Amino acid sequence: MTVTTALLVTSVAASATTPETRARQAAAAVVRGLDVSAHQETVDWSAVAADGASFAYVKATEGTSYISSRFSQQYDGAGAVGLIRGAYHFARPDKSSGSAQADYFVDHGGAWQPDGKTLPGVLDIEATPGLSTCYGVSRSAAVGWIASFDTEYRRRTGRHPVINTTTSWWSQCTGNSSAFAATNLIWIGSWTGTPHPLPNGWSTYAFWQTSDSGTFPGDQDVFNGTEQDLHDLAANGTYSPPPPLPPAGAWPVVQQGYSGRQVTTIQYLLNAHGATLSVDGFFAAATHDAVAAFQTRNQLTPDGIVGPKTWQALITTVREGDHGPTVSAVQAELKARGAGLSVDGSFGAATHDAVVALQTRSYLTPDGIVGPDTWLALVN
């Protein structure tokens with residue numbers, strides 16, 4: 001980013017006053033990248049750079065017997081067009097020790113050096129299709145294995161590896177350990193439209209894998225920081241990621257263990273889609289399973305967590321004259337805000353008037369119709 005551009009962005013930030021302006025600004029400021037492996041046999045790196053990528057991570061090794069046949073081509077290709085690049089190692093705790101795999105990784109492309117263009121190496125540890133989710137090791141053994149890799153990688157390079165994982169794998173296979181949160185940056189994999197919830201101990205993230213397809217070849221990633229932060233990470237091997245700032249009017253993230261009006265709304269909406277839940281406001285196992293089943297039917301990641309994409313699949317537009325659990329969800333949300341409504345699933349005049357009042361307070365078109373924007377106002 002040029003100085004002029006940086007000043008312009010700063011000026012726009014100072015004057016941004018509307019959610020729409022803030023959303024456009026945030027989208028423009030995103031530092032984007034990708035991660036690739038031998039599955040991407042050919043990558044047009046010039047096109048990747050032209051499309052706006054700033055960084056790339058390239059798979060180098062797996063276990064102690066696999067070196068990606070495309071590593072050198074991809075790693076050098078990314079660097080040749082000016083991308084800041086790094087290497088990642090796919091963990092196999094079922095094959096050999098963490099320290100042995102750290103050595104193998106460093107010896108075959110995973111070393112870090114403070115040259116301003118090399119990102120610290122990544123330990124990619126997550127579920128692998130066809131293998132036991134936790135690789136057949138206990139939670140304590142998994143934590144010990146990661147610690148062994150971390151210690152050896154730091155001994156060899158002077159820096160901790162970035163940990164790439166998913167919250168579901170980390171919770172299941174490490175017991176949601178917080179052992180590495182104070183020392184290792186996290187690269188979170190989440191295709192739900194939000195990086196949250198993060199594994200235990202991490203309050204923010206360094207990288208976020210948002211999808212397995214998109215503008216760039218391979219997986220799509222964003223960096224939590226500025227272009228200067230990215231350069232600092234390459235130069236120093238670490239940086240302090242800022243707290244993630246949700247966009248104005250963000251969809252909430254609701255998961256098992258939560259309770260309250262948002263859970264009540266989710267239960268009504270699930271029932272509108274065929275579930276048979278008791279609407280009690282408690283996100284227990286039955287609600288989790290109903291969410292996961294709904295996500296599966298709608299080609300969403302079946303993690304049982306209600307994030308932006310799941311909310312948007314659950315909601316439907318309702319208006320005066322409609323009936324059913326979706327109307328009950330609207331009425332329950334309005335009642336929680338003080339409206340004198342009966343939650344009877346019948347969208348009559350009183351519900352219409354309460355919706356109009358909410359829309360007016362929220363600077364929305366006061367038409368009494370509960371569409372996506374009004375739903376967003378309701379559930380926040």
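Computed quantities for the displayed model
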| item | result |
| --- | --- |
| Selection status of S203, assigned to a loop (DSSP other than H, G, I, E, B), open to solvent by 40 Å² or more (accessible area, probe 1.4 Å) and farther than 19 Å from I305 by Cα | no |
| Residue count for segment 264-306, restricted to those that are under 24 Å from W191 (Cα atoms), among the hydroxyl-bearing types (S, T, Y) and either surrounded by fewer than 20 Cβ atoms within 10 Å (Cβ to Cβ) or modelled with pLDDT under 95 (or both) | 2 |
| Members of segment 346-380 found to be within 23 Å of A313 (Cβ to Cβ), touching a residue at least 40 places away in the same chain (Cβ under 8 Å) and either in a loop (DSSP other than H, G, I, E, B) or over 29 Å from the mean Cα position of the chain (by Cα) (or both), listed by number | I369, G371, N380 |
| Test: Q101 is open to solvent by 10 Å² or more (accessible area, probe 1.4 Å) and either under 24 Å from the mean Cα position of the chain (by Cα) or over 22 Å from H231 (Cα atoms) (or both) | no |
| Flag if D212 is acidic (D, E), crowded, with 20+ Cβ neighbours inside 10 Å and within 14 Å of the chain's Cα centre (by Cα) | no |
| Extreme residue, modelled with the lowest pLDDT, among residues of segment 248-263 that are small (G, A, S) and within 19 Å of A313 (Cα to Cα) | G249 |
| Filter result for V279 (part of a loop (DSSP other than H, G, I, E, B), under 26 Å from A349 (Cα atoms) and among the hydrophobic types (A, V, I, L, M, F, W, C)) | yes |
| Subset tally (residues that are in contact (Cβ under 8 Å) with a residue 40 or more places away in the chain, open to solvent by 30 Å² or more (accessible area, probe 1.4 Å) and over 17 Å from A234 (Cβ atoms)) for segment 150-165 | 2 |
| Residue count for segment 110-126, restricted to those that are open to solvent by 20 Å² or more (accessible area, probe 1.4 Å) and under 10 Å from R92 (Cα atoms) | 1 |
| Test: residue in segment 120-135 that is over 30 Å from T194 (Cβ atoms) and either in a strand (DSSP E or B) or without any contact (Cβ under 8 Å) to a residue 12 or more places away in the chain (or both) | no |
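The values are calculated or read from the model by the stated rules, or taken from the named source; none is laboratory data. Keep in mind that this is a model prediction, so the values were computed, not measured. We place every Cβ from the backbone using ideal geometry, glycine too, and count neighbours over all the protein chains shown. The area values use the complete protein model at the heavy-atom level, side chains included, leaving out ligands, DNA and RNA. Shrake-Rupley method; radii C 1.70, N 1.55, O 1.52, S 1.80 Å.
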